[in-house]
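Report on one structure; see the data block that follows.
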Amino acid sequence: MNTGTRNYAIVTAGYWGFTLSDGALRMLVLLHFYRLGYSPFTLAFLFLLYEAMGVVANLIGGWLATRYGIKRMLTVGLFTEITGFLLMSALSPAWSVALSVAWVVGAQGICGVAKDLTKTASKSAIKATAGDASGQLFKWVAFFTGSKNAMKGVGFFLGGVLLQAVGFQAALWIMAAGLAIVFVGVVSFVPPLMGKSKASKSAKELFAKNRGINLLAAARVALFGARDVWFVVGVPVFLYASGWTFTMVSGFVALWTIGYGVVQAAAPAIVRRSDDGLSAEVPAARLWSALLAVVPIGLAVLVAMKVPNLEWVVVAGLGLFGFAFAVNSSVHSYLVLAYAGSEKAAEDVGFYYAANALGRFFGTLLSGLLYQWGGLLYSLIGSAAMLVACWLVTLALPTRAQASVQPAT
């Protein structure tokens, strides 16, 4: 095994451990507070700071990873996540609702910083280890992204099981202990100077991205907003309200996410490749965006018609959505690295995933509002509108690589 492959494997394994616990946290918080009687909007509100802090963490994390190296940012992200878990475990049933919500939102904000510092550093490591060969880069990005989401799916299931088996507080302690083991592994095995380069010296330079990355970031806002607007609150609450148990809901969400991850990893076999890495891949992004938009439109019609066995119709529709969404996400994750410059790849990735976090923020906010206003139907309509916007943006993506914009000297 050469050095690049070894480093890629180490970073991927470390991020698997992080993603497992982060996925468990999402389901743990959602189901625990829904059981306590919190409204859909309040449930969404619990995750808002988590998503908002991701925007800041991605931008700063990319710059920090370029300046101080990927290893340092991985360790900072893992330590911060452990801190968030321990703070959340201190939540007391005797506290008022307002204090409880504020405490959880704050702890979730800390976890949001941790997640996106870790993700930006991990994905930047792929660019640092894979080199410039587009075939290798696409395969490594696809496997990393797909396996990460499969692990997140296992985490969703783990969160539901831990909540039912040991309760909210003990589950958080178990997850913090697991992350401590991952922390030790990263400190021991990740090379100290991986990804270290000359960072941008000003905000103007940091935000001066090429046209491809700017457009892809805009598409990413719409893409992930379209997923989370019905996936964060709508689907789990809808299924639980239809008579499903915590374990059934978390199990389904886990299986969906695992399947979504498998499709992401297989994307290089689904999408036609080109020698230049863009001329076939960009049209693929446009095609799959259009196909994806059709799914929530069709589901919204069926929900409005109140067809029999609606929960199973939604489950089947979510399966189709997951397949098309996985291919879209994998192609986008490849394209950002294809458009990114080599020296400041971490900054380019951080900028792109800040857009990703912004999309999740708006999607999470709307997931609570739209579900509370009009149930699953309104959530699906919101998803369809965002996906149409995503498709329109992809029409403008360049099919040739451009150099990153640099400020005049």
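Residue pairs whose Cβ atoms lie under 7 Å apart, separated by 6 or more positions or on different chains, with the first residue in region 37-57 and under 12 Å from Val105 (Cβ atoms) and assigned to a helix (DSSP H, G or I) and the second among the basic types (Lys, Arg) and open to solvent by less than 40 Å² (accessible area, probe 1.4 Å), are Glu51/Arg360.
Within region 10-57, being modelled with pLDDT of 85 or more, among the basic types (Lys, Arg) and surrounded by fewer than 21 Cβ atoms within 10 Å (Cβ to Cβ) holds for no residue.
Residues Val101, Val55: which one is over 21 Å from Ala180 (Cα atoms), of a type in the set (Val, Ile, Thr) and touching a helix residue (DSSP H, G or I) at 6+ places or on another chain (Cβ under 6 Å)? Among Val101, Val55, only Val55 is over 21 Å from Ala180 (Cα atoms), of a type in the set (Val, Ile, Thr) and touching a helix residue (DSSP H, G or I) at 6+ places or on another chain (Cβ under 6 Å).
None of Leu78, Leu91, Leu74 is assigned to a loop (DSSP other than H, G, I, E, B), farther than 26 Å from Val229 by Cα and open to solvent by less than 40 Å² (accessible area, probe 1.4 Å) except Leu91. Note on region 186-245: among residues that are within 17 Å of Asn356 (Cβ to Cβ) and part of a loop (DSSP other than H, G, I, E, B), the one that is modelled with the lowest pLDDT is Phe207. Does Ala316 qualify as being at negative phi, part of a helix (DSSP H, G or I), open to solvent by 10 Å² or more (accessible area, probe 1.4 Å) and at pLDDT below 80? For Ala316, the condition - at negative phi, part of a helix (DSSP H, G or I), open to solvent by 10 Å² or more (accessible area, probe 1.4 Å) and at pLDDT below 80 - is not met.
So which of Ala171, Ala98, Ala142, Ala128 is over 18 Å from the mean Cα position of the chain (by Cα), modelled with pLDDT under 85 and outside any loop (DSSP other than H, G, I, E, B)?
Ala128
Restricting attention to region 371-399, and to residues there that are closer than 19 Å to Phe45 by Cα and modelled with pLDDT under 90, which single residue is most open to solvent (accessible area, probe 1.4 Å)? It comes out as Trp373. Do we have any residue at all in region 269-279 that's assigned to a helix (DSSP H, G or I), touching a helix residue (DSSP H, G or I) at 6+ places or on another chain (Cβ under 7 Å), surrounded by 17 or more Cβ atoms within 10 Å (Cβ to Cβ) and not basic (Lys, Arg)? No, every residue in region 269-279 fails to be assigned to a helix (DSSP H, G or I), touching a helix residue (DSSP H, G or I) at 6+ places or on another chain (Cβ under 7 Å), surrounded by 17 or more Cβ atoms within 10 Å (Cβ to Cβ) and not basic (Lys, Arg). The listed residues are Ala293, Ala284, Ala324, and the only one of them that is open to solvent by less than 60 Å² (accessible area, probe 1.4 Å), over 19 Å from Asp228 (Cβ atoms), touching a residue at least 24 places away in the same chain (Cβ under 8 Å) and of a type in the set (Gly, Ala, Ser) turns out to be Ala284.
The values are calculated or read from the model by the stated rules, or taken from the named source; none is laboratory data. Nothing here was measured: the structure is a model prediction, and the numbers come from that model. Every residue, glycine as well, gets a Cβ built from its backbone with ideal geometry; the counts of neighbours run over all protein chains shown. Side chains included, ligands, DNA and RNA excluded: accessible areas come from the protein's heavy atoms. Shrake-Rupley method; radii C 1.70, N 1.55, O 1.52, S 1.80 Å.
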